[in-house]
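One structure is given here, and the rest of the page talks about it.
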Amino acid sequence: MFADKYLQKNGHQSLIKELPQSAPGMIIVIPCYREHELSATLDSLFNCELPNEHVEVIILINHSEVADETIILENRRTKEAADKWISANRKKGISFITVGPLSLKKKWAGAGLARKKGMDEAIKRFNINNRKDGILVSLDADTLVAKNYLVEIEKHFRTHPKHVGATLAFEHQKEQLSEKHREGIELYELYLDYYKRALEYSGYPYSMFTIGSAFAVTAEAYVKRGGMNRRQAGEDFYFLQNLVQLGKVGEITTTKVYPSSRLSNRVPFGTGPILQKWMNGEEDLQRTYNFEAFRNLHEFFAQKDCFYKIQKKDYTEVVNTLNKPMKQFLALDEFSVDLDDLNRNCSRLETFRVRFFQKFNAFKILKFLNFAHENFYMKADLHEQIILLNKEQ
């Protein structure tokens, strides 16, 4: 079977004893930690139009092995409520399964490991029927979905069989928010759109939204990529930016997910913590990366072909023509070492162009942006930077 080696290497222990009722074509994984609104997410899925193939939903309730008794009790109650909901809501074509509460090792306990446990279990279930084309969907326990969510995901992967994954359009829930809270989430959505479009402008070919509740991946690609990482936050960003190295990650805009806008300090970064800081006056969401830094990237990426098979003397000459922030960053980052490795392993310019962005990837771009703003630029008004970007696109 396609995932035998992966499951063996990762030492995955089965979490669900029962075999799939039908060979699922899609499995949705929902990590669940101290959730009080899970039933709304389950209702949302249950009310969806159903696709052609059977859908499974795995709800993985989890906590750290050192969690206090209050959290453990909360998760047990969540499990009882979810099992009761499942008993009362049955429909042909979709099935719901609860796992846990699962105790996770304290070193790794968090969103990444919980998502990985659930996704690895989904891979095990796809593997039973050798469904390497199975669609593995990531969702969160506080997120609602549009009625056509399931059918549009299935349609995308059947229409684009070579796509290894896809992101989904999203819009945060904004009902019953205070004025400041609503302003914060609207600014945050503007920032996410600005950042994605600014990356596109720069010439980076893999610009995308990286939201944990808004992506899907084929079972085969998940295995080839080595599975989900165990990061306690940002696991979605790292997974998707690594996934693009395998193949095309599409964008599904014909449906939407609706993540929560709730405040949170559960993880070190992400929507919840950023909004919490905004509400506390510790984060100014009206300011963002200066567009000039993306112009620096644009200038650099436009000259990438010049670095193919370049000699050391010529490399220095080309770099000296670049803007000062990029010139200093390349020296500090020792990008010439990455470039030497690239040129040793690329016999054709076409190959070099693709692999260039495996070296200067989204992680290095973020590193450059932070370097540029520590040394050259001040963060600037978000709306003004959007206007500057719009003039360029």
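With both bridge residues required to lie in the chain, what share of the DSSP beta bridges run antiparallel, to the nearest 5%?
Working: 12 of 38 bridges.
Here the antiparallel bridges make up roughly 30 percent for the chain.
Simple spin-label model, 7 Å along Cα-to-Cβ: residue 254 to residue 89 in nm?
Label-label distance for residue 254 and residue 89, simple model: 2.5 nm.
Could you tell me which of the pairs 224/327; 5/84; 132/155; 124/367 are separated by over 27 angstrom between their Cα atoms in the structure shown? If you can, show how the numbers build up before the last one.
On the way: 224/327 36 Å; 5/84 36 Å; 132/155 17 Å; 124/367 36 Å.
Result: 224/327; 5/84; 124/367 exceed 27 Å.
Around residue 34, which amide H atoms from residues at least 5 apart in sequence, or from another chain, sit under 5 Å from its own amide H, with H modelled in the peptide plane?
62
Taking neighbour Cβ counts within 10 Å as the exposure measure, how do 337, 249 sort from fewest upward?
Working: 337 10, 249 20.
Fewest-to-most Cβ neighbours within 10 Å comes out as 337, 249.
If I take all pairs of Cα atoms in segment 1-159, what percentage of them are more than 25 Å from each other? Each step should come with its number before you reach the end.
Working: 3539 of 12561 pairs.
That fraction is 28 percent.
Output wanted: per-residue J couplings in Hz (rounded whole) for segment 273-283, from phi through Karplus 6.51 cos²θ - 1.76 cosθ + 1.60, θ = phi - 60°, x for Gly and Pro.
For segment 273-283, the Karplus curve yields x, 5, 5, 4, 5, 4, 5, 7, x, 9, 9 Hz.
Give me, ordered by chain and number, the residues 5 or more places off residue 139 or on other chains with an amide H under 5 Å from its own placed amide H.
29
What nm value, rounded to one decimal, do you get for the distance between residue 309 and residue 65 when each label is placed 7 Å out toward the C-beta?
The two pseudo-label positions are separated by 5.5 nm.
Do you know the relative contact order of the chain, to the nearest whole percent, from alpha carbon pairs under 8 angstrom that are 6+ apart?
Numbers: 604 pairs, mean separation 70.5, N = 393.
After rounding, I find 18 percent.
With θ taken as phi - 60° and the coefficients 6.51, -1.76 and 1.60, list the Karplus ³J(HN,Hα) couplings across segment 329-338 in order, rounded to whole Hz; mark glycine and proline as x.
Values per residue, Gly and Pro as x: 5, 4, 5, 5, 7, 6, 5, 4, 5, 4 Hz.
Let's see if you can work this out: charge +1 on each Lys and Arg Cβ, -1 on each Asp and Glu Cβ, no other charges. What is the dipole magnitude of segment 4-286 about its Cα centre, in debye to the nearest 20?
On the way: 39 positive and 36 negative charges, 227 e Å.
My answer is approximately 1080 debye.
Mind checking the angle between helix 179-202 and the chain's longest principal axis? C-alpha axes, 0 to 90 degrees, to the nearest 10.
Between helix and principal axis, roughly 50 degrees.
Compute a Gaussian network model of the chain, connecting alpha carbons closer than 10 Å, and tell me which residue from 11, 212, 184 fluctuates the most.
11
Helix 111-128: angle to the longest alpha-carbon principal axis of the chain, degrees 0 to 90, nearest 10?
Once rounded, one gets 70 degrees.
Using a Gaussian network for the chain with springs between C-alpha atoms less than 10 Å apart, which of these wobbles most: 348, 262, 231?
348
Rounded to whole Å, give me the distance from the Cα center of segment 34-52 to that of segment 185-211.
28 Å
Using a 10 Å cut-off around each Cβ, can you sort 285, 60 from fewest to most neighbouring Cβ atoms? All intermediate terms of the calculation are to be shown ahead of the outcome.
On the way: 285 19, 60 26.
By the 10 Å Cβ count, ascending: 285, 60.
Just 346, 48, 32 to compare: in a GNM of the chain, with alpha carbon springs under 10 Å, which one fluctuates most?
Maximum among the listed residues: 346.
Using Cα atoms only, what is the angle between the long axis of helix 149-159 and the major principal axis of the chain, expressed in degrees (0 to 90) to the nearest 10?
60 degrees
Among 180, 117, 304, which comes first, then next, by fewest other beta-carbon atoms within 10 Å? Write out the running numbers ahead of the final one.
Working: 180 11, 117 24, 304 16.
The fewest-first ordering by Cβ neighbours comes to 180, 304, 117.
For segment 381-393, what does the Karplus curve 6.51 cos²θ - 1.76 cosθ + 1.60, with θ = phi - 60°, yield as ³J(HN,Hα) per residue in whole Hz, taken in order and with x for Gly and Pro?
Each residue's phi maps through the Karplus curve to give 4, 4, 5, 5, 5, 5, 4, 4, 5, 4, 5, 8, 9 Hz.
Among (1) 0.97; (2) 0.99; (3) 1.03, find the value of Rg/Rh (Cα atoms, Kirkwood Rh) that was calculated from the structure presented, and write down its label.
(2)
Report the full-extension gain for the segment residue 21 to residue 299: residue separation times 0.36 nm, less the Cα-Cα distance, to one decimal in nm. Before the final figure, lay out each step's value.
Values: separation 278, 0.36 × 278 = 100.08 nm, distance 5.49 nm.
This chain segment gains 94.6 nm when fully extended.
Given an 8 Å cut-off on Cα distances and at least 6 residues of separation, report the relative contact order of segment 291-377 as a percent.
Working: 36 pairs, mean separation 33.0, N = 87.
About 38 percent, as a whole number.
Read-outs: derived from the displayed coordinates by stated rules, not from any lab. Computed from a predicted model, the values in this text were never measured in an experiment. We place every Cβ from the backbone using ideal geometry, glycine too, and count neighbours over all the protein chains shown.
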